[in-house]
Amino acid sequence: MGNNLINENYIKLEQDIHSQDELFEAVANLAIEQNIATNKADIIAGLKKRESESTTGFQDGFAIPHTQLNTIAHPSILVITTKNELEWNSMDGKPANFFIVLLIPKDQAGSTHIQALSAVSKMLIHSNNRESLKNSTKASDIYQLLQDFVN
């Protein structure tokens with residue numbers, strides 16, 4: 001899938017975020033700042049639309065919000081962790097505070113998107129991987145863990 005899916009600058013830890021809307025806003029800001037996408041409103045709307053179809057909440061506080069848009073320049077995985085747990089309609093009914101966000105250009109929806117989502121899902125199935133991610137206090141550690149799975 002290539003090395004540019006994730007870099008340390010796409011990882012923001014312990015953010016002061018209190019709602020799903022604030023999280024999507026933070027994702028959009030980060031995507032614009034890192035030249036991943038060109039339209040902030042598009043990202044927020046895309047992530048909300050996906051969430052309304054079915055929850056991206058996983059388990060143990062993890063969620064994998066994702067969207068595919070023409071205004072996304074290159075496939076990227078962003079990670080945001082929040083100080084507060086956010087209600088996310090997760091599969092296990094628990095709130096989420098560890099978000100692995102996939103932003104994929106529309107024309108790669110079938111290929112890159114499926115591969116990235118599958119890689120992240122496979123990683124999160126294992127409780128030891130979830131533990132390792134949760135216990136990481138530095139962006140570089142999370143980057144390393146994800147690198148091993150998505151490349």
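The values are calculated or read from the model by the stated rules, or taken from the named source; none is laboratory data. Given the structure is predicted, the values throughout are model-derived calculations rather than measurements. Please note: Cβ atoms are built from the backbone with ideal geometry, for glycine as well, and neighbour counts cover all protein chains shown.
Out of Ala119, Ala139, which single residue is within 18 Å of Ile17 (Cβ to Cβ), touching a helix residue (DSSP H, G or I) at 6+ places or on another chain (Cβ under 8 Å), surrounded by 13 or more Cβ atoms within 10 Å (Cβ to Cβ) and not acidic (Asp, Glu)?
Ala139
Within 12 Å of the chain's Cα centre (by Cα) and modelled with pLDDT of 95 or more: does that describe Leu117?
Against the criterion (within 12 Å of the chain's Cα centre (by Cα) and modelled with pLDDT of 95 or more), Leu117 does not qualify.
Name the one entry in Lys94, Lys83, Lys106 that is over 15 Å from the mean Cα position of the chain (by Cα), touching a residue at least 12 places away in the same chain (Cβ under 8 Å) and crowded, with 16+ Cβ neighbours inside 10 Å.
Lys94
Against the conditions (1) in contact (Cβ under 8 Å) with a residue 12 or more places away in the chain; (2) closer than 20 Å to Asn4 by Cβ, where does Thr137 fall short? Just the number, please.
Against the list (1) in contact (Cβ under 8 Å) with a residue 12 or more places away in the chain; (2) closer than 20 Å to Asn4 by Cβ, Thr137 comes up short only on (2).
So, Ser111, is that one closer than 24 Å to Asp148 by Cβ, free of Cβ contacts under 8 Å to residues at least 12 places away in the same chain and of a type outside the set (A, V, I, L, M, F, W, C) or not?
yes
Within region 44-54, track down each residue that is among the acidic types (Asp, Glu) and surrounded by fewer than 16 Cβ atoms within 10 Å (Cβ to Cβ).
Selection gives Glu53 alone.
Looking only at region 55-80, count every residue that is surrounded by 17 or more Cβ atoms within 10 Å (Cβ to Cβ), at pLDDT below 95 and β-branched (Val, Ile, Thr) and tell me the total.
1
Within region 1-56, track down each residue that is among the acidic types (Asp, Glu) and under 13 Å from Ile72 (Cβ atoms).
Asp42
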